[in-house]
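J.: Handing you a structure now.
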Amino acid sequence: MANRPKRLGLCLFAGFALAVLLPCKIQSAAANEIDIRAGSERFISQRREVHKRTADANALVSSEAPIESKPAPRSVRKPGSVSAKGPYYVDFRARTAASWGHAFVWFGKTSEREVEVAGLTPAGDTLAYVVGYLTWVPSETGASYGDLDPQYLTASYRVYLNEPDAKRVFAYIKQLQASSPVWNAETSNCTAFIGSIADFMGLKVPLRWERPEEYVNSLKAMNGGRQIVHLSSEQ
């Protein structure tokens with residue numbers, strides 16, 4: 001019976017200690033949980049900041065990258081450009097001369113500066129030209145003085161061709177040069193020569209007796225300034 005007061009005292013002391021310590025542990029646990037949550041949120045926030053900075057850096061590098069590293073844009077052909085008209089051409093031209101003037105053609109490839117010249121002129125000096133009004137005289141069918149000089153040009157009408165048609169037309173010009181051994185002011189003259197080329201290409205052709213400048217301008221007007229020529233299968 002003597003031990004009962006001691007036991008009771010011990011129980012009361014234990015209960016009091018438990019009552020004091022339990023709230024402290026609860027508060028400590030709550031504080032730890034808060035610290036854990038705060039640490040987790042800081043970690044997530046730091047990760048987001050790292051991702052954001054990485055994305056910003058990538059965007060900056062992309063914007064400052066040299067133009068050469070980017071894929072080259074596809075080229076687009078503009079309507080009306082030379083490449084759209086055709087890779088080859090025949091240019092009917094007229095220039096000044098000592099008296100009547102002269103008509104001839106340039107022909108070649110649009111991507112090249114070099115041109116070929118074809119025209120019909122009397123071979124020789126002024127005497128051959130004068131005699132050519134009376135009869136036929138030997139001719140030349142290549143470039144003559146002034147054909148390549150822009151300051152002498154008085155009229156021009158250029159038409160464009162695709163490669164298959166250009167091969168046929170250029171072959172015809174060469175054949176016409178080889179088969180035109182004589183010149184005459186009334187019949188086998190320079191306007192008749194370029195008129196044969198225009199006719200082969202399917203263009204409407206003026207009368208051969210017009211002056212070279214008028215002839216080229218009439219050729220252009222009669223064909224409505226048409227710039228692209230396609231040969232028919234019969235040509």
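The values are calculated or read from the model by the stated rules, or taken from the named source; none is laboratory data. Only a predicted model underlies this, so the values are computations on that prediction, with no experimental measurement involved. Every residue, glycine among them, receives a Cβ derived from its backbone with ideal geometry; neighbour counts consider all protein chains shown. With ligands, DNA and RNA removed, areas are computed over all heavy atoms of the protein, side chains included. Shrake-Rupley method; radii C 1.70, N 1.55, O 1.52, S 1.80 Å.
J.: Starting from the Cα of residue 228, step 7 Å toward the Cβ, then list every residue of the stretch 156-177 with an amide N under 11 Å from that point.
T.: Only 160-162 fall inside the zone, counting backbone N under 11 Å.
J.: Now for a different question. By average Cβ neighbour count within 10 Å, what is the ranking of 114-124, 135-145 from highest down?
T.: Listed from highest to lowest mean packing, they are 114-124, 135-145.
J.: How large is the accessible surface per residue of the stretch 151-195, computed with a 1.4 Å probe and reported in Å² as a whole number?
T.: With all protein chains present, the stretch 151-195 gives 43 Å² per residue.
J.: Starting from 0.36 nm per residue, how many nanometres of slack lie between residue 109 and residue 187 once their C-alpha separation is accounted for?
T.: 25.0 nm
J.: Show 106, 100, 209, 183 ordered by accessible area, largest first, where the area counts protein heavy atoms only and the probe is 1.4 Å.
T.: 209, 100, 106, 183
J.: Shape call for the stretch 134-189 from the C-alpha gyration tensor, a ≥ b ≥ c root eigenvalues: rounded (a/c under 1.5), prolate (a/b greater than b/c) or oblate?
T.: Oblate shape, in that a/c is at least 1.5 and b/c is the bigger or equal ratio.
J.: How much net charge surrounds residue 142 when only other residues with a Cβ under 12 Å from its Cβ are counted (Lys, Arg +1; Asp, Glu -1)?
T.: Net of charged neighbours comes to -2.
J.: Expressed as a whole percentage, what fraction of the accessible surface of the stretch 126-200 belongs to carbon and sulfur atoms when a 1.4 Å probe is rolled over the protein heavy atoms?
T.: Ligands and nucleic acids excluded, carbon and sulfur reach 61 percent.
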